[in-house]
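Notes follow once the structure below has been shown.
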Amino acid sequence: MFSLRLRPWLQSGFQVCCVSRHSAHKLASLHKASTLPQKKVQSLIYPFSQLDAYLDRSVDRTAFQLFHPSVEDVMKAEKLFCSSSTHKIDYHISAERMEQIPAMKQPEVCFIGRSNVGKSSLIKALFSLAPEVEVRVSKTPGHTKKMNFFKVGKSFTLVDMPGYGHRAPKDFVDMVEPYLYARKNLARTFLLVDGSVGLQTADRIALEMCEETRRPYVMVVTKTDKCGRGALLTNLLNLQDVVKTQTTSCFPQPFLVSSMEFSGIYLLRCFIAHITGSIRLTDTSQS
Ligand SMILES: Nc1nc2c(ncn2[C@@H]2O[C@H](COP(=O)(O)OP(=O)(O)O)[C@@H](O)[C@H]2O)c(=O)[nH]1
Ligand SMILES: [Mg+2]
């Protein structure tokens, strides 16, 4: 089913046009990735498809594929992540306190998670079609000490939050928590957990805090390239169980991403475009 839908789009010359002095990652655009074998392309777009075959038949797959846009929609969303003279993607401001952040009209999405979970790397991958946008990726935990705001044209703002946990609990209490409670235009929070180590105590605390705010949030499972399939599946099913039994504001579908291998990046772009009202999905049926 996938092949019938994917190939015509990828071969039709439908291209996302990005003009940049900096060179983009070779997988930044789905169109470029399409030169890879079909199965690989499918797992890059829909990472769950790669795990599906290894799950017991008794496991309910519905929650893993709630958001399953067509390739056409994924392509449409990709355009939004390209900078142009009329649609500038750029670093906007940094702030250490809520009072320092100006009110903004456009919807906002923020990325939270433990230090080193891969927040900045994920944002860098999302913005890889605009490689001139500077997103700092740290080698040492706790690098991001400020809330960093990035504007995506007039469509939405994306916020890289300071990490919590190791060496940075204060930043979290001082910045992240007040932001999650008070930010009016916050459309979605993305809570990142490291797929190679599974849910940690600090992740559970963040999850509880997200629940307390009662604002919609989504789990993103990072670094899916880093561990074996068995460990990833165990961590994913454990997380899924927690989401199902202990949350009310969490979107039931966890998003699987590898910023290193680019899997899940296209789907996440499409989800962000969708929930910020930046694109209208043409087809939400299974592809
Ligand atoms: N293998 C692998 N490593 C990653 C991935 N994403 C981030 N990393 C590494 O994890 C470390 C922390 O990443 P960073 O994005 O700075 O985390 P942050 O503190 O949450 O912003 C860096 O050394 C990254 O290179 C990924 O998808 N796969
Ligand atoms: Mg960071």
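Helix-only estimate, please: 222 nm mean residue ellipticity of the chain, summing -39500 (n - 2.57) across DSSP H runs of length 4 or more and dividing by its residues, to the nearest 500. Please report the intermediate quantities before stating the final value.
Values: 10 runs with 93 residues, N = 287.
When only DSSP H runs of four or more count, the value is -9500 deg cm²/dmol.
Pairs spanning more than 19 Å between alpha-carbon atoms, out of Lys26/Lys145; Lys124/Lys146; Lys79/Lys146: Lys26/Lys145; Lys79/Lys146. Loop-located GluC sites (Glu not before Pro) in region 207-238 (DSSP state not H, G, I, E or B) with no more than 14 neighbouring Cβ atoms inside 10 Å do not occur. In a DSSP loop and with at most 16 other Cβ atoms within 10 Å, the trypsin sites (Lys or Arg not before Pro) in region 39-113 are Arg57, Arg61, Lys88, Arg97, Lys105.
A Cβ-based charge dipole, computed about the Cα centre of the chain with Lys and Arg at +1 and Asp and Glu at -1, lands at about 600 debye. Of the beta bridges in the chain, as assigned by DSSP with both residues counted there, near 40 percent are antiparallel.
Under the Kirkwood approximation applied to all pairs of distinct alpha-carbon atoms, what is the hydrodynamic radius of the chain in Å?
Details: mean 1/r = 0.0522 Å⁻¹.
Final number for the Kirkwood radius of the chain is 19.2 Å.
Using DSSP to call loops (not H, G, I, E or B), can you name the trypsin sites (Lys or Arg not before Pro) in region 178-287 whose Cβ has at most 13 other Cβ atoms within 10 angstrom? Filter output for region 178-287: Lys184, Arg214, Arg280. Selection among Ser263, Leu236, Leu27 by position relative to the dipole of the chain gives Leu27 as farthest towards the positive end (Cβ unit charges, Cα centre). Full extension of the chain segment joining Leu66 with Lys105 gains 11.2 nm, where the gain is 0.36 nm per residue of separation less the Cα-Cα distance. Overall, region 205-249 carries a charge dipole of about 180 debye about its Cα centre when +1 sits on the Cβ of Lys and Arg and -1 on the Cβ of Asp and Glu, all other atoms neutral.
Quick check: the distance between the Cα centres of region 87-123 and region 174-192, to the nearest angstrom? A separation of 10 Å, based on Cα centres.
With a length cut of 18 Å (Cα positions projected on each helix's long axis) and a Kyte-Doolittle mean of at least 0.0, go through the chain and give me the DSSP H helices that pass. What comes out of the filter, once short or polar helices are dropped, is 229-246.
Relative contact order of the chain, taken over Cα pairs closer than 8 Å and 6 or more residues apart, is 25 percent. For Val193, what is the net charge nearby, where nearby means another residue's Cβ is under 13 Å from its Cβ and Lys, Arg count +1, Asp, Glu -1? Combined, the nearby Lys, Arg, Asp and Glu give +3.
Since every read-out is calculated from the coordinates, none of them should be taken as a lab result. Keep in mind that this is a model prediction, so the values were computed, not measured. Cβ coordinates were reconstructed from backbone atoms using ideal geometry, including for glycine residues, and neighbour counts include every protein chain displayed.
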